[in-house]
1. Among A:ALA123, A:ALA131, A:ALA102, which is the only one that is modelled with pLDDT of 95 or more and assigned to a helix (DSSP H, G or I)?
2. Looking at (1) at pLDDT 95 or above; (2) closer than 16 Å to B:GLY107 by Cα, which one does B:GLY30 not meet, given that it meets all the others?
3. Is it fair to say B:ALA78 is in a helix (DSSP H, G or I), among the small types (Gly, Ala, Ser), over 22 Å from A:ALA120 (Cβ atoms) and open to solvent by 60 Å² or more (accessible area, probe 1.4 Å)?
4. Go through the residues of the stretch A:172-184 one by one and say whether even a single one is among the hydrophobic types (A, V, I, L, M, F, W, C), within 13 Å of another protein chain (Cβ to nearest Cβ) and either outside any helix (DSSP H, G or I) or on the phi > 0 side of the Ramachandran plot (or both).
5. Filter the stretch A:153-171 down to the residues that are within 8 Å of another protein chain (Cβ to nearest Cβ) and either outside any helix (DSSP H, G or I) or open to solvent by 20 Å² or more (accessible area, probe 1.4 Å) (or both), then identify the one that is nearest to B:ASP143 (Cα to Cα).
6. Hey, B:HIS100 hits all of (1) within 14 Å of another protein chain (Cβ to nearest Cβ); (2) closer than 26 Å to B:ALA34 by Cβ; (3) surrounded by 21 or more Cβ atoms within 10 Å (Cβ to Cβ) but one; which does it fall short on?
7. If a residue has to be open to solvent by less than 30 Å² (accessible area, probe 1.4 Å) and more than 30 Å from B:ALA123 (Cβ to Cβ) to count, how many in the stretch A:133-147 make the cut?
8. For residues that are within 11 Å of chain B (Cβ to nearest Cβ) and either open to solvent by less than 30 Å² (accessible area, probe 1.4 Å) or in contact (Cβ under 8 Å) with a residue 60 or more places away in the chain (or both), scanning just the stretch A:122-132, find the one that is nearest to the chain's Cα centre (by Cα).
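The values are calculated or read from the model by the stated rules, or taken from the named source; none is laboratory data. Given the structure is predicted, the values throughout are model-derived calculations rather than measurements. Here Cβ is always computed from backbone atoms with ideal geometry, including for glycine, and neighbour counts include all displayed protein chains. With ligands, DNA and RNA removed, areas are computed over all heavy atoms of the protein, side chains included. Shrake-Rupley method; radii C 1.70, N 1.55, O 1.52, S 1.80 Å.
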There are 2 protein chains.
Amino acid sequence: MGAVKTKRMPRAVREQQMLDAAVRTFGQRGYMAASMDEIAELAGVSKPLVYLYLNSKEDLFTACIRREATALVAAVRAGARPGLPADRQLWSGLTAFFTHTARHPDGWAVLHLQARTHGAVFAAEVAAMRAEVVEFVTRLILDAARDAHRDPDLPEREVAGLAEALVGAAESLADWANATPGVTVRHSAATLMNFAWAGLGDLMAGRRWTPPDDEPDPEAARSGLTSPVG
Amino acid sequence: MGAVKTKRMPRAVREQQMLDAAVRTFGQRGYMAASMDEIAELAGVSKPLVYLYLNSKEDLFTACIRREATALVAAVRAGARPGLPADRQLWSGLTAFFTHTARHPDGWAVLHLQARTHGAVFAAEVAAMRAEVVEFVTRLILDAARDAHRDPDLPEREVAGLAEALVGAAESLADWANATPGVTVRHSAATLMNFAWAGLGDLMAGRRWTPPDDEPDPEAARSGLTSPVG
């Protein structure tokens, strides 16, 4: 033991352990109530080491926001499959989003509740990520409209509004899904597809968008629930 | 002048003036940066009087949140017209919502940005209002489904999800509309109607929901813009 051996431990690994513990603590207890003692204990390190690596509670929280934001954006980007028809692209993007938020409920709570509830600096971190997602969704909708050769029917400003609406709806549903027992990823994604793709008008008329059957429900195995949709 | 005359001034009127000034200051400067000096000056009263009536900056902010939340919920309720077909009910409810948020941008900023950014106590105040709106929208969708005699096609859990999606989309669009010059109420409401009622699928196929022509655009006179939709 001693200082030399401690310093030779891979710092990156230790930092990730601290961030794992911090995301869990911030997500479950809230930013204010979370203590550095608790985070250090959960990470299996001393409190001074957390301060040495991450500097302060504020900086630790900022590091959590950045890591979770990067992971969420990457998951959504990886979920979109450019070769597919527009509705299938949207379905796979939404499924990726709800899978990520369901698997990382503490990370989602950090991003969507905690970061926006404890000061403008943290809120700005999340706003930057959100702008990136809106930009990405705007591009998806524009591409879909272009594929349909109907660009003139969807002016750019309307597409920007549609992307804002879609992202806002997805955020709201992710909060709801994580707070409501028994709601599967497939359920959340199908609800939003029916809302966003088919529209309430089609739903009222008994016409619904049907999720493809050729892929497993990523949550089915975990929750043991059959999907209430599709 | 003197204490007696001051005390006989209607307290309710004074309080509303203080709340007007506070909503404007909190909405534009943010909760942290807003000073009680500034609020008192804008309200045309002394700072001690603000403290006498509203007790503290925290209590003043809470009073602002409650007043703005009550006004927004009342505006949305007043906008829904139970006798109309479902799409017209939704259209009039959305128009009422976007009209209110456009006319009270500082109130909306207090509710949707400031209150959720400065602590769990304030966030809980807004969460209560939001739950009321979601409940109201859930009821609207259920009634519409019942009118269409298609209840079995829309299980209650899916309706709850649709209401969350719709409210999240409307919140997101209201932020965007208030931050984007030239976006009219009719534009925001029509974008969300097309998204929520017709769905992206219909939009891609060139089928859009058309706003009724028999009502004036509540923002047209103010903004001088022609509506980019409908």
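1. Working: A:ALA123 fails: modelled with pLDDT of 95 or more; A:ALA131 fails: modelled with pLDDT of 95 or more.
Criteria check complete, one pass: A:ALA102.
2. (1)
3. yes
4. Restricting attention to the stretch A:172-184, the residues satisfying the condition of being among the hydrophobic types (A, V, I, L, M, F, W, C) are A:173-174, A:176-177, A:179, A:183.
In the following step, the residues that additionally are within 13 Å of another protein chain (Cβ to nearest Cβ) were identified as A:173-174, A:176-177, A:179, A:183.
Imposing the further condition that a residue be either outside any helix (DSSP H, G or I) or on the phi > 0 side of the Ramachandran plot (or both) reduces the set to A:183.
Looking through the stretch A:172-184, at least one residue is among the hydrophobic types (A, V, I, L, M, F, W, C), within 13 Å of another protein chain (Cβ to nearest Cβ) and either outside any helix (DSSP H, G or I) or on the phi > 0 side of the Ramachandran plot (or both).
5. Initially, the stretch A:153-171 is screened for residues within 8 Å of another protein chain (Cβ to nearest Cβ), giving A:153-155, A:157-158, A:160-162, A:164-171.
Narrowing the set further to residues that are either outside any helix (DSSP H, G or I) or open to solvent by 20 Å² or more (accessible area, probe 1.4 Å) (or both) leaves A:153-155, A:157, A:160, A:164, A:171.
Details: A:ASP153: 32, A:LEU154: 31, A:PRO155: 33, A:ARG157: 32, A:ALA160: 31, A:GLU164: 27, A:GLU171: 25 Å.
My answer is A:GLU171.
6. Failing condition for B:HIS100: (1).
7. Result for the stretch A:133-147: 4.
8. A:VAL126
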